[in-house]
Amino acid sequence: MFPELNNLLNTTPDKVEQGTLTLLCDAKTDGSFLVHHFLSFYLKANCKVCFLALVQSFSHYNIVGQKLGVSLTSAQERGQLVFLEGLKSSVDIFFRAEEEPHPLRFLRETDASSLQPLFEFVREALTPIGHGEAAWRCPVLLVDDLSVLLSLGAGAVAVLDFIHYCRATVCCALQGNIVALVHDSGDAEDEENDILLNGLSHQSHLILRAEGLATGFCRDVHGQLRILWRRPSEPATKRDRSLTYQYKIQDKNVSFFAKGMSPAVL
């Protein structure tokens, strides 16, 4: 995890807020560093994590995790981490019998509107089943990234339904958290992506939006991060508070600073 980001969000692994939906969004840049932050953060917070990794392999996340002080292999062995490797699973499903259950079963169906098997996978992964589960602080669903489901044929409404059921189970019933990344393509004609992004934005308690610089590539400033705190149940005039920082990604850390205040510039 990145300590500076924790400071901006006013949180630490010792005081994890529960029952929240956090939306990660990237536009004209790579926001995967946010996914790595929250993965290592919740593992260090002793939470039970179900990670739907639809973009990269297990080894990729494990290598980055080790740089941030966590071992995904160890977390998986002790039952703290349930990992769905989307790249591998999407291939394996075509070598299984059609009646065999699989979280990505919609890939084999002509109607890709139902993500119920994926929800069942999440529910079974995070629902406590014994005394050993009491060792974990709270359950967490992490998704990297939901836009991939659109690319695989699922509609925006189906993905929003999936998140709705996950919220009802993880956030409400189990008092856990959901963190999901969505890529903002910036394409005005991509209606499905806009529906997904807008739908999740209205439900989210915290939105982290990583954006590329309007001036283009810079060696010392890699982008800017907009942080929006929301309380969906309160009036708009009271619920929203936002901050914007620029950042530079380093090997094992990310530095944040006010706009125009990069140490390299000063």
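What follows draws every value from the coordinates through simple rules; no lab data is involved. Remember, it's a predicted structure, so these values are computed and weren't measured experimentally. Ideal geometry is used to build each Cβ from the backbone, glycine not excepted, and the neighbour counts take in all protein chains shown.
Length gained on full extension, Asn10 to Leu243: 82.6 nm, using 0.36 nm per residue less the C-alpha separation. Taking trypsin sites (Lys or Arg not before Pro) in DSSP loop conformation with at most 13 other Cβ atoms inside 10 Å as exposed sites, the chain has its longest uninterrupted site-free stretch at 97-218. Against the chain, whose longest principal axis comes from its Cα atoms, helix 32-44 is set at around 70 degrees. At a Förster radius of 25 Å, what calculated FRET efficiency corresponds to the Cβ-Cβ distance of Asp220 and Ser57, to the nearest 0.05? Rounded to the nearest 0.05, the efficiency is 0.25. For Lys48, nonlocal amide neighbours, meaning residues 5 or more places apart or on other chains whose placed amide H falls under 5 Å from its own, are Arg137, Cys138, Val140. The modelled label-to-label distance between Trp229 and Ser151, using points 7 Å beyond Cα along the C-beta direction, is 3.4 nm. When the chymotrypsin sites (Phe, Trp or Tyr not before Pro) in region 136-245 are filtered for DSSP coil states and for at most 16 other beta-carbon atoms within 10 Å of their beta-carbon, the remaining sites are Phe217.
In plain terms, the residue of Ile195, Ile63, Ile129 with the fewest other Cβ atoms within 10 Å comes first and the most crowded comes last, giving Ile129, Ile63, Ile195. Residue pairs exceeding 21 angstrom between C-alpha atoms, taken from Lys28/Lys248; Lys15/Lys48; Lys15/Lys252; Lys67/Lys259; Lys44/Lys88; Lys15/Lys248: Lys15/Lys252; Lys67/Lys259; Lys44/Lys88; Lys15/Lys248. Working from label points 7 Å from Cα in the Cα-to-Cβ sense, the Gln203 to Glu124 distance is 2.2 nm.
A simple rule links phi to the HN-Hα coupling: the Karplus curve 6.51 cos²θ - 1.76 cosθ + 1.60 with θ = phi - 60°, which for region 173-178 gives 5, 9, 6, x, 10, 10 Hz, with x for Gly and Pro.
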